[in-house]
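Quick note: the coordinates plus some simple rules give every number you see, no bench work behind them. Just so you know, these numbers come straight off a predicted model, no measurement behind them. For neighbour counting, all protein chains shown are included, and Cβ atoms are generated from backbone atoms with ideal geometry for every residue, glycine included.
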Amino acid sequence: VKSRGLRSFMMSIFRHPMRVGLGLKLTGDLKVAEVVEGGPCSGFVKEGDILACVGDVDVSGMQLKDITKFTIGVEGSETNLMLMRDGQPVRRKICRKFNPVKSIRDIVRAQMKQGFRRRSSEEITRVFNDNADGDHMVPSALHLPKDKLLVALKEFCVGSKDITEEDLKNLEFQFNSLDRNSDGKVDLNEFKHAVQSPTHLEEWVRTLNIHQIVADAVPRKEGEDPLITASNLSSQDLSDICAELGESLNKIISEGVEKLRQSLKKMEACDQNKLAVKFQSKTPKLNCGGIEDFRRGIMAHIGSPDLNFVSAMEAEHRSRACADFEFETNNYHIKTTPSKEWMIVVEGKKCPEQMGFNRRIPDIEHLLSLSTAKEANLQKAEVIAIVLYTGPMYMIYNAILRRYPADLYQKLKEAKNL
């Protein structure tokens, strides 16, 4: 291209504003298949949403090729979107912006860089100190307030650092999960635990036993400790080892990915209705404590037990705070209270018809008389607990054991009825 022609071409590019889209990959029926990370819809649109309106135009039923004139616009221009999510409309004004497509290599480099940062205690401490409240002359007094927790955690994310509505929605639960000693603050150790906790992907990669392949690649010298040999490897030796590892890593990762793909297919094919819905309710995770919680023991968490177990259990269910707290189960949507459950299970009160769902309430004394109960040397309190747990009360017990849902756990904790 002649210099004058090139100059003219470049001027024509900058004379006209760049035209960009919504940053969505759509299927033929306008269902969102992928949201481009960092694009105008990132953090708002979800995979599976169905595009219904762009601006004032109803695009429902249109062909994919026919809607580009509505989705494409000048960079920086705004438009209103309406999508359907689970049958409900979701609306948002978005601003079109250019988002260059990254190659796999670019993505891997960025993720590797963040991975090294996430494993660096110095980097975690720096981010914590930059966002912490308290006396910076006394490091042990520093803590992350709720409004800065998300900002600090986003420092270790790959991609957009924007805080989304979904982030804010989950903030309360996330904060309570990280506050492992329940003091209302997130200290440095709790923040480190959050940043360095292995992801589901990391747990899966551990199953590939890549460490065995790396160990196989380290040269050995007869009569010399392999660790001594490894410690004496030069930079060139390490480069050669990494170059040779490529094919073996490719093989073992490919095999692992194929196994993962087949496992996910089997899960998708599984009839979810046949699963025990009761015990795989919408509780996604446990809220675990730290080493200090372990050292303090269970009594520090729920208090000292009353050795008259049955009467103590009765008080918890019948007379103490929250005994008349009405809750609804996830499976059969039974509405009940701890007090009602105690009367039905222990006192033999007839189960109301609306709470029935063909419930079978076994007699406690009959269960105690069974040979299996006698062989196991079960006490009456234990049998009562088993029967209550296999009924609606599992909701309350799990909330205490898992500290989730956080609002239910907090209600019971404040009532001092854990």
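Got a sec to turn the phi values of region 400-405 into Karplus ³J(HN,Hα) couplings, 6.51 cos²θ - 1.76 cosθ + 1.60 with θ = phi - 60°, whole Hz, x for Gly and Pro?
Once rounded to whole Hz, the list reads 6, 5, 9, 6, 8, x.
Evaluate the distance, in nm, between pseudo-label points positioned 7 Å from the Cα of Gln111 and of Ser197 along their respective Cα→Cβ axes.
It is 2.1 nm.
Strictly over 21 Å apart at the Cα level, which of Lys93/Lys169; Lys113/Lys169; Lys148/Lys185; Lys335/Lys380 would you flag in this model?
Lys113/Lys169; Lys335/Lys380
Report the calculated FRET efficiency for Ser311 and Asp183 (r = Cβ-Cβ distance, R0 = 41 Å), to the nearest 0.05.
Rounded to the nearest 0.05, the efficiency is 0.80.
Collect residues whose amide H, placed 1.01 Å from N in the peptide plane, falls under 5 Å from the amide H of Arg92; neighbours closer than 5 in sequence don't count.
The answer is Leu81.
How big is region 122-246 in terms of Cα radius of gyration and Dmax, in angstroms?
Here Rg and the maximum Cα pair distance are 20.9, 62 Å.
Work out, step by step, the length gained on full extension between Lys259 and Ser239: first 0.36 nm times the residue separation, then minus their alpha carbon distance; give nm to one decimal.
Additional length available on full extension: 4.2 nm.
Over 24 Å between Cα atoms, which of Lys349/Lys413; Lys350/Lys416; Lys154/Lys259; Lys349/Lys411; Lys31/Lys69 qualify?
Lys349/Lys413; Lys350/Lys416; Lys154/Lys259; Lys349/Lys411
Any idea how far apart Asp407 and Glu75 come out in nm if each label point goes 7 Å out from Cα toward Cβ?
4.3 nm
How much length is gained if the chain between Ser369 and Glu382 is pulled fully straight, taking 0.36 nm per residue apart and subtracting their Cα-Cα distance, in nm to one decimal?
Here the segment from Ser369 to Glu382 would lengthen by 3.3 nm.
Need one number: nm distance between label points at Asp167 and Asn331, each 7 Å from Cα along Cα→Cβ, rounded to one decimal.
Label-label distance for Asp167 and Asn331, simple model: 3.8 nm.
Can you pull the percent of Cα pairs in region 205-270 with separation above 14 Å? Write down the numbers at each step before the final one.
Details: 1442 of 2145 pairs.
For region 205-270, the share of Cα pairs beyond 14 Å comes to 67 percent.
Fewest Cβ neighbours within 10 Å first, please rank Asp240, Asp135 accordingly. Walk me through the numbers on the way to the answer.
On the way: Asp240 14, Asp135 10.
Starting with the residue having the fewest Cβ neighbours, the order is Asp135, Asp240.
Pull out the extension gain between Arg85 and Ser121, defined as 0.36 nm times the separation in residues minus the alpha carbon to alpha carbon distance; nm, one decimal. It would help to have the intermediate numbers written out before the result.
Working: separation 36, 0.36 × 36 = 12.96 nm, distance 4.11 nm.
The Arg85-Ser121 span can extend by a further 8.9 nm.
Among the aspartates and glutamates, which fall within straight-line cross-link reach of Lys46, defined as a Cα-Cα distance under 17 Å, with same-chain neighbours fewer than 8 residues apart omitted?
Asp29, Glu34, Glu37, Asp86, Asp162, Glu165, Glu166, Asp167
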